[in-house]
Amino acid sequence: MTYDEIPGWFDFSGAYDEIAQLVLPGEKIVEVGPYLGRSTVYLATKLRELEKWATIYAIDLFDGYDPFQGSFYDQLLQNLSQCKVLGMVVPIKMDSQKAAGLFKDGELAAVWLDSDKSYKHVQESLISWHRKVKKGGILGGFGLSEPEVERAVEEFTSALKLRLEVRQEGTWQSWIIPR
């Protein structure tokens, strides 16, 4: 099984390629909102190809359920196992802001935000995760085409005078804030 056989959305392979190039072996990456793992598997596979044995923390509430397939969490585990990347990914069933408290400031090489697209959630996620990214790392996310995401990201970068890079892949825009 490969990433493209996993249900879900994934229009940011270029950003994940950039993260894979940036990360050093042994470093940590957080992906908030992996759903069933399509993008997670892509990134883990890319890291394995580059022989960069980093750990990806896949953080989500995993509160969905399919009567034919089971819980989203169980489906994620099955997909990670079938794609042979389960050893590189640590799923964490937790709210994004609470999960940020599991990591020290500057501990992460990259954080990717792709969950709730509401203004309040994106704003809280930016505040919670920004300081967790090391200097030279990346804080990024998906859905800049969504007005609430765009507003939260632009207000955050403007207030802290941070550089914002916009990526267009497919029909959606992703964003990156280099640290």
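Pairs only if they're at least six apart or on different chains, beta carbon under 7 angstrom, first in region 41-68 and under 20 Å from Asp116 (Cβ atoms) and free of Cβ contacts under 8 Å to residues at least 60 places away in the same chain, second part of a loop (DSSP other than H, G, I, E, B) and polar (S, T, N, Q); list them, first residue then second.
Asp60/Ser115
Tell me, which residue of region 26-50 that is of a type in the set (D, E, K, R) and outside any strand (DSSP E or B) is nearest to Phe12 (Cα to Cα)?
Checked region 26-50; the qualifying residue nearest to Phe12 (Cα to Cα) is Arg38.
Is there any pair with a first residue in region 11-23 that is in contact (Cβ under 8 Å) with a residue 24 or more places away in the chain and closer than 17 Å to Leu144 by Cβ and a second that is part of a loop (DSSP other than H, G, I, E, B) and among the hydroxyl-bearing types (Ser, Thr, Tyr) whose Cβ atoms are under 7 Å apart and which are 6 or more apart or on different chains, and what are they?
Sorted first by the residue in region 11-23, then by its partner, the pairs are Asp11/Thr171.
Going through region 124-167 one residue at a time, which ones are surrounded by 15 or more Cβ atoms within 10 Å (Cβ to Cβ) and assigned to a strand (DSSP E or B)?
Answer for region 124-167, where residues must be surrounded by 15 or more Cβ atoms within 10 Å (Cβ to Cβ) and assigned to a strand (DSSP E or B): Val133, Lys134, Gly137, Ile138, Leu139, Gly140, Gly141, Phe142, Arg167.
Which condition number does Ile127 fail, the rest of (1) among the β-branched types (Val, Ile, Thr); (2) under 23 Å from Gly8 (Cβ atoms); (3) without any contact (Cβ under 8 Å) to a residue 60 or more places away in the chain being met?
So the condition that Ile127 fails would be (2).
Enumerate the pairs (first residue in region 143-161 and closer than 15 Å to Lys120 by Cα and modelled with pLDDT of 95 or more; second residue anywhere and of a type in the set (Gly, Ala, Ser) and part of a helix (DSSP H, G or I)) with beta-carbon separation below 9 Å, excluding pairs fewer than 6 apart on the same chain, so at least 6 apart or on different chains.
Partner pairs satisfying both residue conditions: Ala152/Ser125.
Considering only residues that are among the aromatic types (Phe, Trp, Tyr) and not in a helix (DSSP H, G or I), look in region 1-25 and name the one that is surrounded by the fewest Cβ atoms within 10 Å (Cβ to Cβ).
Trp9
Looking at region 168-179, can you tell me whether even one residue there is exposed (fewer than 15 other Cβ atoms within 10 Å of the Cβ) and at pLDDT 95 or above?
Scanning region 168-179, I find no residue that is exposed (fewer than 15 other Cβ atoms within 10 Å of the Cβ) and at pLDDT 95 or above, so the answer is no.
Among the numbered criteria (1) more than 18 Å from Trp175 (Cβ to Cβ); (2) under 12 Å from the mean Cα position of the chain (by Cα); (3) at pLDDT 95 or above, which one does Ile19 miss?
All conditions pass for Ile19, except number (1).
Matching residues to (1) surrounded by fewer than 17 Cβ atoms within 10 Å (Cβ to Cβ); (2) within 17 Å of the chain's Cα centre (by Cα); (3) not in a helix (DSSP H, G or I):
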site	(1), (2), (3)
Lys52	no, no, yes
Phe62	no, yes, yes
Leu76	no, yes, no
Asn79	no, yes, no
Lys84	yes, no, yes
Gly87	yes, no, no
Pro91	no, yes, yes
Ala99	no, yes, no
Gly106	yes, yes, yes
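The values are calculated or read from the model by the stated rules, or taken from the named source; none is laboratory data. Quantities reported herein were computed from a predicted structural model and do not represent experimental measurements. Because the Cβ atoms are built from the backbone with ideal geometry, glycine has one as well, and the counts that use them run over all protein chains shown.
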